[in-house]
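Throughout, read-outs are computed from the coordinates displayed, never taken from laboratory work. Remember, it's a predicted structure, so these values are computed and weren't measured experimentally. All Cβ positions, even for glycine, are placed from backbone atoms using ideal geometry, and neighbour counts span all protein chains on display.
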Amino acid sequence: MTLGHGADTTNNARPGHHLTSSSSAIKGPDVFHAIPEAIQERMSQLEERDRRDRADGTAHLERLRQIPSDTGRFLALLAASAPAGAWVEVGTSAGYSSMWLALAARERAASLTTFEILEHKAALATETFSLTGLQDVVTLVRGDFLTHVEQLSDIGFCFLDAEKDVYEQCYEAVVSKLVPGGLLVADNVISHESELRPMIERAIGDARVDAVVVPIGKGELVCRRNSDPARGD
Ligand SMILES: C[S@@+](CC[C@H](N)C(=O)[O-])C[C@H]1O[C@@H](n2cnc3c(N)ncnc32)[C@H](O)[C@@H]1O
């Protein structure tokens with residue numbers, strides 16, 4: 001498959017402020033108020049590396065290209081509110097966004113399956129999940145999401161953050177597998193608006209979902225699957 005190109009905008013938010021931590025296990029009935037130290041530490045490390053990548057001209061495929069922390073919080077809140085079903089992420093990189101989703105997954109007793117096509121990114125993500133003790137919440141699948149998607153069903157939440165040339169295909173594959181009320185969130189719809197315009201228009205006009213562009217971070221397209229009268233749900 002082709003891995004496309006396109007510079008992401010600067011990731012300038014920090015996750016560190018107003019985080020508290022007191023144990024190495026995720027505990028408590030909330031998503032943000034007891035983030036374990038190991039996760040905070042790994043988030044800070046990856047943010048620092050992401051900032052360096054963006055500043056020093058690191059090649060596109062080498063850069064982490066992470067979401068900003070506010071987007072991570074937004075995703076975690078959406079995921080924590082999603083209906084029951086599988087949780088999926090397309091585009092793991094080093095596991096930064098996965099950590100935000102994992103916080104919500106623990107809160108919901110859910111688990112996240114995340115897909116990464118590049119081996120060196122998958123290796124970094126494995127390190128992330130091991131250092132943070134998240135292996136029981138997150139399953140990393142090495143390979144092209146599009147070759148695995150047919151095995152998925154009943155998706156409650158999906159975060160799409162891959163190369164832009166596969167967004168439309170991923171959109172079609174995922175929307176048809178969302179449970180009623182299930183959410184598909186796609187990143188970069190403002191930073192890469194012209195490239196992603198066909199998918200955005202498809203989503204806005206797609207009667208199977210209600211969709212809106214949210215101006216947070218690089219722009220998130222949030223799609224919620226409508227009930228399907230044919231299925232009676
Ligand atoms: C923007 S980065 C993901 C950043 C990550 N979500 C975060 O915020 O920490 C996009 C990642 O998607 C991966 N990718 C691209 N196309 C893919 C595909 N078809 N299947 C799985 N991973 C893919 C790339 O290798 C890259 O690591």
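Amide H contacts of V141: T114, F115, E116, each under 5 Å away and 5 or more positions distant or on a separate chain (H built 1.01 Å from N in the peptide plane; Pro and chain starts excluded).
The phi-based Karplus calculation (6.51 cos²θ - 1.76 cosθ + 1.60; θ = phi - 60°) puts the 3J(HN,Hα) values of region 217-222 at x, 8, x, 10, 8, 10 Hz, whole numbers, x for Gly and Pro.
Here the 3J(HN,Hα) profile of region 68-74, calculated from phi with Karplus coefficients 6.51, -1.76 and 1.60 at θ = phi - 60°, is x, 5, 5, 5, x, 5, 4 Hz, Gly and Pro shown as x.
Residue by residue, region 155-168 carries 3J(HN,Hα) couplings of 7, x, 8, 9, 10, 9, 8, 10, 5, 5, 6, 10, 4, 5 Hz when phi is fed to the Karplus relation 6.51 cos²θ - 1.76 cosθ + 1.60 (θ = phi - 60°); x denotes Gly or Pro. Rounded to the nearest 0.05, the FRET efficiency derived from the C-beta distance between E119 and S81 at R0 = 41 Å is 0.75. Full extension of the chain between D70 and S111 gives 12.6 nm of extra length, using 0.36 nm per residue less the Cα-Cα distance. Along the axis of the charge dipole computed for region 66-231 (Cβ charges of +1 for Lys and Arg, -1 for Asp and Glu, origin at the Cα centre), the listed residues L78, V213, A186 are led at the positive end by L78. Summary of the geometry: region 50-84 and region 152-211, compared by the centres of their Cα atoms, lie 17 Å apart. Considering only alpha-carbon pairs that sit under 8 angstrom and 6 or more positions apart, the relative contact order computed for region 22-150 is 23 percent.
Determine, from the Cβ-Cβ distance of Q45 and R142 and an R0 of 25 Å, the FRET efficiency 1/(1 + (r/R0)^6), rounded to the nearest 0.05. Efficiency computed from Cβ-Cβ geometry: 0.70.
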